[in-house]
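A short worksheet on the structure shown next.
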Amino acid sequence: IEERFAPPPGILELISAARAGGCSQWRANSAATLTAARGIDQNVNQGVKGKGPALFNSGLPADFELSPEFLPQHDQYSLVGGDYLRDLSPNGSVGFAQFQLRRYDSLAQYDSASVYAGVETPWRVRDWTLRSTAMLGLTTLGGQLYQRHAQLQARIGAPVALPGKTQLHVIAGVSHVDYLTLESFDSNTVELKAQLSYRGNNRSAT
């Protein structure tokens, strides 16, 4: 600009100031939210409503009454939760953490607490885009460690020519859940699905 356009003194001062300051350094952005709530849960224990499952004795239906602990129990609760998100690198990698505490007024055996943390990183291979996520989580129930959760997920953007602002993604993931106080409940889940989404100026659809 200085050599080809002969700018006026005001522009030259701006150029000198920018040159003296050098290139700006990357700074990590972060965001946090905190939530507090008060509510009523009509089925704290996920009990059975109405009569229990049908049982038969000698081929005939048998009437029976469920024990009170298997019927829906209601209670009021207080909840505190939070989310934290922070940039990890200039390429768009982010780290996140979430926690939630739920306390019941009377049914303390169903009090729960959970904490999750993970990392999300974007990738690009030619015209393909990929956003990978790794997450770990712990959940307590009634003051005891109840569940451990691990998850890996990939969101792949296919280079398919679609009209307008429509995008096609393929989502693949695998998760593992450990139940520390229950036997034969550990599970592995594999997920594979396609997602078509549209995002305009004032509206979006998936």
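The values are calculated or read from the model by the stated rules, or taken from the named source; none is laboratory data. The model shown is predicted, which means the values in this text are computed figures rather than measured ones. Cβ placement follows ideal geometry from the backbone for every residue including glycine, while neighbour counts extend to all protein chains displayed. Only protein heavy atoms, including side chains, enter the accessible area calculation; ligands, DNA and RNA are left aside. Shrake-Rupley method; radii C 1.70, N 1.55, O 1.52, S 1.80 Å.
Computed quantities for the displayed model
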| item | result |
| --- | --- |
| Test for Asp83: is it open to solvent by less than 50 Å² (accessible area, probe 1.4 Å) and charged (D, E, K, R) | no |
| Strands (runs of 3 or more DSSP E) wholly inside segment 124-201 that include at least 2 residues being touching a His at 6+ places or on another chain (Cβ under 9 Å) and farther than 30 Å from Leu101 by Cα | 144-157, 187-199 |
| Residue in segment 185-206 that is nearest to Leu152 (Cα to Cα), counting only those that are in contact (Cβ under 8 Å) with a residue 24 or more places away in the chain and hydrophobic (A, V, I, L, M, F, W, C) | Ala194 |
| Filter result (within 13 Å of Gln144 (Cα to Cα) and either loosely packed, with under 15 Cβ neighbours inside 10 Å or polar (S, T, N, Q) (or both)) within segment 99-113 | Ala108, Gln109, Ser112 |
| Among the residues listed as Leu136, Leu182, Leu145, Leu141, the single one being under 30 Å from Asn45 (Cα atoms) and either acidic (Asp, Glu) or touching a residue at least 40 places away in the same chain (Cβ under 8 Å) (or both) | Leu141 |
| Pair list, Cβ under 6 Å, 6 or more apart: segment 55-77 residue at pLDDT below 80, other residue among the small types (Gly, Ala, Ser) and open to solvent by less than 60 Å² (accessible area, probe 1.4 Å) | Leu55/Ala62; Leu66/Gly52 |
| Hits in segment 148-204 - residues which are hydrophobic (A, V, I, L, M, F, W, C), farther than 27 Å from Ser114 by Cα and exposed (fewer than 11 other Cβ atoms within 10 Å of the Cβ) | Val160, Ala161, Ala194 |
| Identity of the residue in segment 23-50, open to solvent by 100 Å² or more (accessible area, probe 1.4 Å) and modelled with pLDDT under 90, that ends up farthest from the chain's Cα centre (by Cα) | Cys23 |
